[in-house]
Amino acid sequence: MADTVLPGDLNAGDVIALPDEDVDLVVEAVRLGQGGFLLTVSVLNPAEPAATRIVTLTAATQVSRRGRNAAARG
């Protein structure tokens, strides 16, 4: 069951779905940056090894939290 949360409530290891995306992502890191929260994310179950990417979300953006990645540290 998905939880709707704000970017500031996320931690490394959380599995999320971003607005307008159909893929589950693992949060690798959360930082506060100019213009919003900077989330370093990677695809949860990639078909091929995928690089991480950084997305910027405003403090008011609602994100669906799907759970925790069992392999996450921290």
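What follows draws every value from the coordinates through simple rules; no lab data is involved. The model shown is predicted, which means the values in this text are computed figures rather than measured ones. All Cβ positions, even for glycine, are placed from backbone atoms using ideal geometry, and neighbour counts span all protein chains on display.
Across segment 1-26, the residues whose backbone nitrogen lies under 14 Å from the label position 7 Å along the beta-carbon direction of residue 44 are 1-4, 13-19, 21-26.
For the listed peptides 51-62, 6-17, 23-34, a ranking on the average number of other beta carbons within 10 Å per residue, highest first, reads 6-17, 23-34, 51-62. For Rg and Dmax of the Cα atoms in Å, the listed values are (i) 13.0, 39; (ii) 11.4, 33; (iii) 13.5, 43; which was obtained by calculation from the structure presented? Matching the structure shown: (ii).
Contact order normalised by length for the chain, with contacts defined as Cα pairs under 8 Å and 6 or more residues apart; what percent is it? RCO, the chain: 42 percent.
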